[in-house]
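> Sharing a structure, written as structure tokens. Questions coming.
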Amino acid sequence: MALLVDTSVWSLAYRRDTPADQVEVSMLRSALTGGDAVVTTGMILLELLRGFVPASAQKTIQTAFDALEFIEPTRRDYVQAASVGNTCRRVGVQLGSVDALIVQLAMTGDHTLLTTDNDFRLAAQHVPLRVWQRAG
């Protein structure tokens with residue numbers, strides 16, 4: 001399984017006070033150490049780096065992200081992300097532009113989205129997005 005990991009999970013993974021039983025963080029660690037494909041994109045990196053002020057934390061994140069496959073949106077992805085956002089808005093699910101683009105990239109790349117953000121779970125009820133969930 002190829003995972004596109006949302007900012008919400010990365011933020012938790014880099015926090016010192018994240019509960020040990022945070023399943024999404026455990027899944028991320030398992031994927032990284034187990035050889036599963038973990039991908040990212042510029043918007044996720046940008047959001048993550050904007051949330052960390054210390055230069056040392058930013059350098060750690062940049063180094064870690066250098067090892068990940070980096071996916072770039074195409075013009076078509078931006079157009080389709082607008083469609084995703086509009087589809088969701090029509091049914092009452094509010095996705096920001098960045099989140100709509102993340103949804104589109106996950107769908108285009110056939111990636112499973114690993115997130116703690118419930119907006120993505122709601123969106124997945126209306127567009128063909130796979131959101132990781134704990135088995136059982």
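The values are calculated or read from the model by the stated rules, or taken from the named source; none is laboratory data. Owing to the predicted nature of the structure, the values given are computational and were not obtained by experimental measurement. Positions of Cβ are backbone-derived with ideal geometry, glycine not excepted, and every protein chain shown enters the neighbour counts.
> Report, by residue number, each residue of region 52-92 that is in a helix (DSSP H, G or I), farther than 14 Å from residue 108 by Cα and of a type in the set (Val, Ile, Thr).
Selection gives 60, 61, 63, 87.
> If you check every pair at least six apart or on different chains, which have Cβ atoms under 8 Å apart with a residue in region 70-88 that is in contact (Cβ under 8 Å) with a residue 40 or more places away in the chain and of a type in the set (Phe, Trp, Tyr) first and a residue that is assigned to a loop (DSSP other than H, G, I, E, B) and surrounded by fewer than 16 Cβ atoms within 10 Å (Cβ to Cβ) second?
Note: no pairs meet the criteria.
> Looking at residue 131, is it free of Cβ contacts under 8 Å to residues at least 60 places away in the same chain and farther than 23 Å from residue 48 by Cα? Walk me through how you get there before you give the answer.
On the way: free of Cβ contacts under 8 Å to residues at least 60 places away in the same chain: yes; farther than 23 Å from residue 48 by Cα: no.
Against the criterion (free of Cβ contacts under 8 Å to residues at least 60 places away in the same chain and farther than 23 Å from residue 48 by Cα), residue 131 does not qualify.
> What do you reckon, is residue 78 touching a Leu at 6+ places or on another chain (Cβ under 9 Å) and either modelled with pLDDT of 90 or more or closer than 23 Å to residue 129 by Cα (or both)? Explain how you work it out, then say what you get.
On the way: touching a Leu at 6+ places or on another chain (Cβ under 9 Å): yes; either modelled with pLDDT of 90 or more or closer than 23 Å to residue 129 by Cα (or both): yes.
Spelling it out, residue 78 is indeed touching a Leu at 6+ places or on another chain (Cβ under 9 Å) and either modelled with pLDDT of 90 or more or closer than 23 Å to residue 129 by Cα (or both).
> Just for region 1-53: of the residues that are β-branched (Val, Ile, Thr) and at pLDDT below 90, which one is surrounded by the most Cβ atoms within 10 Å (Cβ to Cβ)?
Applying the first criterion (β-branched (Val, Ile, Thr)) to region 1-53 yields 5, 7, 9, 18, 23, 25, 33, 38-41, 44, 53.
Then keep just the ones that are at pLDDT below 90; that gives 18, 53.
On the way: 18: 14, 53: 8.
Checking each candidate, the answer is 18.
> When region 54-77 is examined, which residues are found to be surrounded by fewer than 14 Cβ atoms within 10 Å (Cβ to Cβ), more than 18 Å from residue 11 (Cβ to Cβ) and not β-branched (Val, Ile, Thr)? Please lay out each step first, then the result.
Just the residues of region 54-77 that are surrounded by fewer than 14 Cβ atoms within 10 Å (Cβ to Cβ), to begin with: 54-56, 59-60, 62-63, 66-67, 69-70, 72, 74-76.
Restricting the remaining residues to those that are more than 18 Å from residue 11 (Cβ to Cβ) gives 66-67, 69-70, 72, 74-76.
Selection gives 66, 67, 69, 70, 72, 75, 76.
> Please find, among 106, 135, the residue that is closer than 14 Å to residue 1 by Cβ and in a helix (DSSP H, G or I). It would help to see each step written out before you state the result.
Working: 135 fails: in a helix (DSSP H, G or I).
Going through 106, 135 in turn, just one is closer than 14 Å to residue 1 by Cβ and in a helix (DSSP H, G or I): 106.
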